[in-house]
There are 2 protein chains.
Amino acid sequence: MTTATRVQPVDLAKAYRLLNHGPVTLVSSALHGQRNLMAASWAMPLDFDPPKVAVVIDRNTYTRELIEGSGLFALNIPTRAIATQVLAAGSCSGRTQDKFATLGIETFVGNTEGLPLVIGCAGWLECRVLPESHNQQRYDLFIAEVTAAWADSDIFSNGHWHFDQEQQHTLHYMAGGEFFATGEAFKVMP
Amino acid sequence: MTTATRVQPVDLAKAYRLLNHGPVTLVSSALHGQRNLMAASWAMPLDFDPPKVAVVIDRNTYTRELIEGSGLFALNIPTRAIATQVLAAGSCSGRTQDKFATLGIETFVGNTEGLPLVIGCAGWLECRVLPESHNQQRYDLFIAEVTAAWADSDIFSNGHWHFDQEQQHTLHYMAGGEFFATGEAFKVMP
């Protein structure tokens with residue numbers, strides 16, 4: 001599991017690299033003392049510097065209410081170690097329970113007061129919504145600027161992933177509880 | 001390599017599964033007898049049925065001109081077998097050359113007349129742009145409806161990927177020529 005000493009800041013110009021390979025994310029949010037967590041595969045970088053992201057947040061989710069109220073969310077990049085919690089976070093609603101407590105998920109706080117970041121993840125992007133009402137209403141699409149980024153230095157450092165242990169690999173979601181781990185790294189020479 | 005007999009239609013309601021795990025894509029386009037190909041990691045599903053996608057197409061690319069002219073593009077999901085061509089397609093411009101010819105990339109046509117689909121890919125999404133001028137101008141973000149989807153039945157069938165051979169795995173792009181192959185599949189029980 002992540003320890004506080006391994007959480008290192010990521011240069012904002014390199015923050016897109018936490019998301020560039022298309023991993024599943026956990027979207028965390030908070031408002032007026034309430035907090036929630038949902039899984040989202042439909043997230044991607046939208047710009048390099050200042051970094052922006054796009055993410056789909058369904059209008060029926062509790063997370064949507066919290067984000068529309070606060071204008072803030074975090075994209076947490078989970079590892080295989082917490083795949084069970086990722087699936088569970090995507091399979092129940094936070095309206096009637098605190099998923100963090102139910103799922104035994106611990107959190108820490110980065111630069112954004114009150115915004116929970118999930119321990120057991122490999123990277124974290126703190127995001128501020130750029131209000132785009134049309135996209136939000138029509139497509140459930142949120143665009144946000146990344147205001148801070150962090151990584152577990154055991155897994156991501158100097159702008160590169162290094163997945164040494166099986167439980168540290170990031171995840172790609174398919175459907176019906178089926179995941180792929182991020183696989184073999186290889187380099188192509190131009 | 002893909003043979004025509006292995007290209008099978010994918011039910012549109014399952015088309016998102018070609019893209020859900022966050023693979024790198026090749027964006028193919030054509031206009032008035034010109035055609036082009038670029039690599040794009042910033043692509044994601046946006047809706048299930050009818051399926052929509054979101055993809056970032058930089059304003060300086062030749063592909064952007066072709067897509068703005070035709071309102072059409074395809075997202076091709078490449079395999080490791082053509083990783084070298086994926087990197088090359090993302091590293092040169094099609095303004096002054098036909099990248100398909102330069103890179104030795106062969107194509108076929110699906111349902112959309114004149115729209116090239118790349119042989120050697122595992123899946124194909126034919127897309128029609130939903131004009132959203134603000135997104136296109138401000139964020140280089142294109143939203144499109146998927147009008148047809150296809151998969152190499154050796155690699156994707158009945159709504160599921162099955163990567164049996166190393167060269168058949170889809171790809172996730174990092175930076176600087178560094179890729180990850182889609183890795184081990186595993187299932188989490190709720």
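The values are calculated or read from the model by the stated rules, or taken from the named source; none is laboratory data. On a predicted model such as this, the values are computed, not experimentally measured, just so you know. So basically every Cβ, Gly included, is an ideal-geometry build from the backbone, and we count neighbours across all protein chains shown.
So, in region B:1-29, how many residues would count as being modelled with pLDDT of 95 or more and either of a type in the set (Lys, Arg) or at positive phi (or both)?
Of the residues in region B:1-29, 3 are modelled with pLDDT of 95 or more and either of a type in the set (Lys, Arg) or at positive phi (or both).
For residue A:122, only one of the following conditions fails: (1) in contact with a Pro (Cβ under 9 Å, 6 or more places away or on another chain); (2) away from every other protein chain (no Cβ under 11 Å); (3) over 29 Å from residue B:178 (Cα atoms). What is its number?
That leaves (3) as the condition not met.
State which residue is farthest from the other protein chains (Cβ to nearest Cβ) when the search covers only region A:160-179 and only residues that are in contact with a strand residue (DSSP E or B) (Cβ under 7 Å, 6 or more places away or on another chain), under 16 Å from residue A:18 (Cα atoms) and outside any strand (DSSP E or B).
A:168
When region A:122-139 is examined, which residues are found to be surrounded by 23 or more Cβ atoms within 10 Å (Cβ to Cβ) and of a type in the set (A, V, I, L, M)?
A:122, A:125
For region A:81-140, name all the residues that are among the charged types (D, E, K, R) and either under 23 Å from residue A:58 (Cα atoms) or under 13 Å from the mean Cα position of the chain (by Cα) (or both).
A:95, A:98, A:99, A:126, A:128, A:132, A:138, A:140
Step by step: first the residues of region A:157-190, then only those that are touching a residue at least 24 places away in the same chain (Cβ under 8 Å) and more than 19 Å from the chain's Cα centre (by Cα), then the one that is nearest to residue B:24 (Cα to Cα). Which residue is that?
Looking at residues that are touching a residue at least 24 places away in the same chain (Cβ under 8 Å) and more than 19 Å from the chain's Cα centre (by Cα), I get A:185.
Would you list the strands (runs of 3 or more DSSP E) that sit entirely within region B:1-108 and hold 2 or more residues that are touching a residue at least 60 places away in the same chain (Cβ under 8 Å), surrounded by 24 or more Cβ atoms within 10 Å (Cβ to Cβ) and facing chain A (nearest Cβ under 10 Å)?
Where strands (runs of 3 or more DSSP E) fall fully within region B:1-108 and carry at least 2 residues being touching a residue at least 60 places away in the same chain (Cβ under 8 Å), surrounded by 24 or more Cβ atoms within 10 Å (Cβ to Cβ) and facing chain A (nearest Cβ under 10 Å), they are B:52-56.
With the requirement that a residue be β-branched (Val, Ile, Thr) and within 12 Å of chain A (Cβ to nearest Cβ), what does region B:136-159 give you?
Residue satisfying the conditions is B:143 alone.
Go through (1) basic (Lys, Arg); (2) away from chain A (no Cβ under 14 Å); (3) over 24 Å from residue B:53 (Cα atoms) one by one and return the number of the condition residue B:128 breaks.
Against the list (1) basic (Lys, Arg); (2) away from chain A (no Cβ under 14 Å); (3) over 24 Å from residue B:53 (Cα atoms), residue B:128 comes up short only on (3).
Kindly provide the set of residues from region A:140-164 that are under 24 Å from residue B:51 (Cα atoms) and crowded, with 19+ Cβ neighbours inside 10 Å, ordered by number.
Listed by number, the residues that qualify are A:141, A:142, A:143, A:144.
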